[in-house]
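Peer 1: Got a structure for you, questions after.
A short reminder: the numbers here are calculations on the coordinates, not readings from a lab. Small disclaimer: the values here were computed from a predicted structure and weren't measured. For neighbour counting, all protein chains shown are included, and Cβ atoms are generated from backbone atoms with ideal geometry for every residue, glycine included.
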Amino acid sequence: MGAAAGLFHVYGRHTLHSRTLATSITYCSRWDGGMECGLSVASTSPSHFPARSNYLSDYLLRMNAMRALYHPVLPSFASSTRSPTPCHRRLPTFSAAPRRRADRWIPAAAPEAMASTQPWTAQEQEKAKEAKLWGGRFEDSVTDAVERFSESVSFDKALYKQDIMGSRAHARMLAHQGLMTVSDRDSILHGLDEIERRIEAGEFVWRMDREDVHMNIEAALTDIIGEPAKKLHTARSRNDQVVTDLRLWCREAIDKIVASIKQLQVALIKLGLNNEGLIVPGYTHLQRAQPVLLQHLLLSYVEQLERDVGRLVDCKDRMNFCPLGACALAGTGLPIDRFLTSDALGFTAPMRNSIDAVSDRDFVLEFLSANSIAAVHLSRLGEEWVLWASEEFGFLTPSDSVSTGSSIMPQKKNPDPMELVRGKSARVVGDLMTLLVLCKGLPQAYNRDLQEDKEPLFDSVKTVLGMLEVTTEFAQNITFNHARIQKVLPAGHLDATTLADYLVNKGLPFRTSHEIVGRCVALCVARNCQLSELPLDQLQGINSIFKEDVYDFLGVENSVNKFSSYGSTGSECVAEQLSFWISKLQIVDG
């Protein structure tokens with residue numbers, strides 16, 4: 001009697017009290033060592049029990065659904081031998097089943113514990129009432145290890161805004177199509193507003209047992225508004241729901257990255273404008289090659305970043321198609337309007353093929369590919385500035401605000417931010433590799449593997465945004481050392497190619513010119529001088545074609561001024577490039 005009273009008390013926390021019941025239990029042994037029991041309940045307080053007698057049956061049904069079987073006391077319930085009356089009900093019959101991890105939901109209890117009339121804790125009662133939203137066909141609950149391993153809410157809760165946005169559009173469409181009432185739609189919209197408010201206020205409790213952002217929000221919506229929430233998932237699967245969220249999230253992330261790239265482009269152009277006319281060595285193979293204007297060099301990074309923008313914009317255009325309404329993979333027979341939800345969410349159109357809609361993550365791959373290329377560009381810029389900040393180069397000095405020191409060497413001033421930009425590019429490339437390998441072996445349509453697409457995506461976006469931000473700040477806080485650059489600029493015979501062009505203008509084939517200038521450089525190396533320092537008679541000793549006008553082509557300043565082809569480092573060409581970018585990026589005040 002005590003066991004049943006204790007069992008009844010668990011469910012009756014809000015409505016029933018075990019002291020109002022008189023209970024009889026009959027046991028009979030089974031050959032396999034299990035127990036069967038006949039359970040009947042009679043109320044000692046008829047005024048309380050008749051209206052509430054269904055609660056016990058409902059509770060036992062819930063117990064069976066969740067397999068919360070209290071072996072060995074109550075492995076199954078057989079009908080009572082007593083006739084049912086309004087105050088005396090026959091309980092349903094349940095077949096015995098193995099007890100597997102039932103204590104995940106309801107702690108296992110020995111017979112004496114079940115006989116206790118002490119109420120369960122609120123947490124225990126919540127677990128007793130909780131069930132997976134997909135759990136109708138399951139008898140056993142998943143193990144703790146499987147639940148921990150399978151959950152994604154710890155990271156996909158970042159999609160909450162997009163999930164709520166998609167649910168709002170879906171609810172409005174369902175109401176428009178007559179698949180839910182206007183009243184239910186309004187209740188859902190109100191509930192979603194409240195959930196969003198709680199999340200942003202830090203009041204929302206994310207639950208691992210609800211698996212992901214979608215189930216957390218849907219379960220919370222049910223808690224807030226009740227029955228209407230159960231209509232929201234009409235003509236929708238988590239398969240099309242998550243990929244819709246993901247496309248919306250990527251769309252916003254691309255906009256943020258593009259805006260950050262524009263800020264870096266502006267910073268680079270302003271850095272060039274502040275160092276007008278400064279000539280620096282241009283390198284190939286990290287060996288001095290030709291003289292270039294610093295503005296020209298900085299503009300080369302601006303151009304690369306612009307192609308990064310183009311790739312991201314192209315990616316956004318291709319991803320901007322709506323999968324919502326594709327459902328699990330085959331669509332639905334319900335009269336939904338996918339164009340309505342697509343328009344409401346700002347997509348170009350619904351995706352044409354429902355299987356394709358839930359199958360592929362190529363839009364994420366393309367996004368991470370564009371991010372990886374941008375990260376490589378930033379890494380190369382970082383490498384150059386790290387080198388130039390060294391004592392060996394001494395071309396630039398970062399301010400204290402973007403430098404760090406050493407824990408042991410007091411003199412050190414390290415360009416750590418750009419070293420980390422260089423290092424973090426590896427993470428971004430790694431995120432792309434993770435997703436490529438993830439997708440390579442998947443059969444068509446949705447597979448749970450795709451849950452793993454989010455962490456590399458989120459990490460890639462966060463890392464690239466951080467790289468862009470710190471590179472922009474570094475560009476705004478460095479000083480180029482003009483005197484140092486001018487002092488070391490003549491070394492390396494940077495004007496040799498210009499001298500070869502001089503000979504071509506005199507009518508010699510380029511290969512012949514190349515050989516003659518090579519001999520001139522060898523003479524300079526032997527005499528430890530620059531080409532511009534060689535007397536005319538020594539030049540003519542190599543080839544009589546040299547005239548006095550040769551000195552107009554020698555020296556780094558003369559060399560830079562001789563460049564005139566479109567896009568070259570010549571002063572006029574660079575001025576045209578700067579003018580273009582100042583106009584395009586709408587830069588004011590230099």
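Peer 1: For a 24 Å ceiling on Cα separation, which of these pairs sit above it: K161/K316; K161/K230; K256/K440; K316/K584? Present the calculation step by step, with values, prior to reporting the outcome.
Peer 2: Working: K161/K316 19 Å; K161/K230 20 Å; K256/K440 29 Å; K316/K584 21 Å.
Result: K256/K440 exceed 24 Å.
Peer 1: To make sure I understand, if each residue's beta carbon is the centre and we count other beta carbons within 10 Å, what order do I269, I217 fall in, fewest to most? List each step's numbers first, then the result.
Peer 2: Details: I269 23, I217 27.
Taking fewest neighbouring Cβ atoms as first place, the list is I269, I217.
Peer 1: Same structure again: Please state the charge dipole magnitude for region 488-584, taken about the Cα centre, from unit charges on C-beta atoms (+1 on K and R, -1 on D and E), reported in debye and rounded to the nearest 20. Walk me through the numbers before you get to the answer.
Peer 2: Values: 7 positive and 11 negative charges, 58 e Å.
I would put it at about 280 debye.
Peer 1: Separate question: Can you tell me the dipole magnitude for region 207-274 around its Cα centre, using point charges on the Cβ only (Lys, Arg +1; Asp, Glu -1), in Debye to the nearest 20? If you can, show how the numbers build up before the last one.
Peer 2: Working: 11 positive and 10 negative charges, 77 e Å.
It comes to approximately 360 debye.
Peer 1: While we're looking at this one, here's another question. Can you tell me how region 153-234 classifies by the Cα gyration tensor, rounded, prolate or oblate, using a/c under 1.5 as the rounded cut? Before the final figure, lay out the partial values.
Peer 2: On the way: a/c = 1.90, a/b = 1.84, b/c = 1.04.
Taking the square roots of the gyration eigenvalues as a ≥ b ≥ c, region 153-234 is prolate.
Peer 1: Using 1/(1 + (r/R0)^6) with R0 = 60 angstrom and r between the beta carbons of Q540 and T348, what's the FRET efficiency to the nearest 0.05?
Peer 2: Values: r = 70 Å, r/R0 = 1.16.
E(calc), rounded to 0.05, equals 0.30.
Peer 1: Would you work out which of Q162, L179, L192 lies farthest towards the positive end of the dipole of region 153-234, given +1 charges on the beta-carbon of Lys and Arg and -1 on that of Asp and Glu, about the Cα centre?
Peer 2: The residue sitting farthest along the positive end of the dipole is L179.
Peer 1: Take each of the peptides 529-535, 494-500, average the number of other beta-carbon atoms within 10 Å over its residues, and list them starting from the highest.
Peer 2: With the highest mean Cβ count within 10 Å placed first, the list reads 494-500, 529-535.
Peer 1: While we're here: Using the Cα gyration tensor of region 278-336, with a ≥ b ≥ c the square roots of its eigenvalues, what is the shape: rounded (a/c below 1.5), prolate (a/b larger than b/c) or oblate (neither)?
Peer 2: Prolate.
Peer 1: Also, I was wondering about something else. Considering only DSSP states other than H, G, I, E and B, which trypsin sites (Lys or Arg not before Pro) in region 320-363 qualify as loop sites with at most 10 other Cβ atoms within 10 Å?
Peer 2: Details: sites: R338, R352, R361; in loops: R352, R361.
Sparse-neighbourhood loop trypsin sites (Lys or Arg not before Pro): R352.
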